[in-house]
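All remarks here apply to the structure that follows.
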Amino acid sequence: MSRRPSSLRRRLALGILLPVVAVIAFNTWSLYHQALRAADTAYDRTLLASAKSIGELLEVRRDGERVYLRSTVLYSALEPFEADNRSRIFYKVSGFDGEMVSGFPDLPGWQGKLPDKSPYAALVAFYDDHYRDEPVRVAVLLQPVSSQAGQGMATIQVAETLELRHTLARQILIETLWRQALLILVIVIVVMVVVQRATGPVRRLSAQLRERPEGDLSPVDAPDAPREWRPLVEATNQVVERLSQLLEHQKRFVRDASHQLKTPLAVLKTQVQSARQGDVEPMQALAEIDVTVARATQVANQMLALAKVEQLRQQADVSEDAAALPVLDWAEVTRAVALDLAPLIAEAQLDFDIETAPAPIRSHEWALRELTRNLMHNAIQHTDRRLQIRLQVDERVAVLTISDSGPGLSAAQRARLFLPFAAGHPGGGSGLGLAICHGIVQSLSGSIELNNRSDDGPGLDARVVLPLARP
């Protein structure tokens, strides 16, 4: 079961919104705890003020040798420190020896120690505890008390329930959440608008391609596309161009095939009709038919080879992995082709000379054989007495030179020689051999040239240069 491709718009939106929401959530949690600490600091100051107010109402009394602490604090004195009726304050005053002096006797005593550093100019500590099954915040103050009767250290504990603090924390949380929610909503709207505008060129380009008439392979024009989309547009244009070239090649192949095969087939039909009517001798008719069929077969084979070379060139333009081709010794291929053409060389009674050196070339075997065979066959057809083949290796290239003693080529013939169906001499063939050679050499990143020779008599040098296979 194939997965449904995800939307680019959704990817962009999620890629932007998820990190933003995570950061906002962490920021909300951090702000909430900072607000709680700020609220604790503010209310702790109120507890400290309550404890100091109680300490100011303490006095020292003497009863004989006994010095004791007395408190005249009334609970009503703590009412100004109560923020509202949602919180309650409890207190407890312990004497010099820890005895109960005033307040709520069941308030748990303080067993801790003072902090090493305190932001308050007092011997005070704050801690959380439970009193009467309710959580409370307690401030404990060590208050020095002295008079003419004596002196000592009183312990004052003031506890406050947490309703007001919790209410304030909830208000802070709610206000923080709706502000952050509003911020997320604004970010969502902005992201959707930006993503919608950023993907606009893609939608317009898609609509442009859908509205194109059938067969329109012109380059894609997207002038308003962002810079990040340019590689995609350029790659699309390259694919369209290759497809256009392929279709053009197919059209040209069909056109050329119909044109080149039409004449031999018409001649063949005429020859068959003449043979059936008895206009010519049977053996003569068969000989003429054989020549026509051989010519038509040669044209068809060469056209198929030219189409295969064009396919090879297309693959070479698309693929950059030349190392995938096999490594062949061009010297072995050259000698094998020369052996195949030996009957033609013997029939023409040519002075034949061949010299080769090992030359590893990355190529398909049929391409290298077709290249060498066409060049040799052309030289055999147009020479009158001598044929020389030299395959040499020079640095990183291999050079194949085929020299003949033929009449050579004019400037006009050389200019059109590599074009399909442009024969070098009248009646010399279909004119596809050198076009095939030119296509093969281009697919192998080499070069080919035909030069008239004038130093040792008339003749033609066909020179092919191909890069050697790298290790």
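Worth pointing out:
- In this simple spin-label model, placing a label point 7 Å from the Cα along the Cα-to-Cβ direction at both Val280 and Asn27 gives a separation of 9.5 nm.
- Alpha-carbon gyration tensor eigenvalues x 5, square-rooted, for region 83-176, Å: 29, 16, 11
- Ordering of 459-468, 221-230 by packing [mean C-beta count within 10 Å, highest first]: 459-468, 221-230
- Normalised by residue count, region 8-171 yields a Cα convex hull volume of 143 Å³ per residue.
- Our summary gives region 322-467 a relative contact order of 22 percent, counting only alpha carbon pairs under 8 angstrom and 6 or more residues apart.
- Per DSSP, loop GluC sites (Glu not before Pro) in region 105-179 with at most 15 further Cβ within 10 Å: none
- Relative contact order [Cα under 8 Å, 6+ residues apart], region 8-171, whole percent: 25 percent
- Highest mean first, the peptides 396-402, 439-445 sorted by other C-beta atoms within 10 Å per residue fall in the order 439-445, 396-402.
- Scanning residues 5 or more positions from Met100 or on other chains, those with amide H under 5 Å from its amide H are Gly95, with H placed 1.01 Å from N in the peptide plane.
- Label-to-label distance, Arg203 versus Glu395, with points set 7 angstrom from Cα along the beta-carbon direction: 5.8 nm.
- Per-residue packing, averaged as other Cβ atoms within 10 Å, sorts the ranges 44-50, 188-194 into the order 44-50, 188-194, beginning with the highest.
- Relative contact order of region 136-281, pairs being alpha-carbon contacts under 8 Å that are 6 or more residues apart, as %: 12 percent
- Student exercise, region 322-467 dipole from Lys, Arg, Asp, Glu Cβ charges, in Debye to nearest 20: 400 debye
- Likely footprinting exposure, Ser118, Ser363, Ser454, fewest C-beta neighbours within 10 Å first: Ser454, Ser118, Ser363
- Dipole magnitude (debye, nearest 20) for region 114-214, charges at Cβ of Lys, Arg, Asp, Glu: 880 debye
- In sequence order, region 173-184 has phi-based couplings of 5, 4, 5, 5, 5, 6, 5, 5, 5, 5, 5, 4 Hz under the Karplus curve 6.51 cos²θ - 1.76 cosθ + 1.60, θ = phi - 60°, and Gly or Pro positions carry x.
Values in this text are rule-based calculations from the coordinates and carry no lab data. Just so you know, these numbers come straight off a predicted model, no measurement behind them. Glycine also receives a Cβ, built like all others from the backbone with ideal geometry; neighbour counts cover every protein chain displayed.
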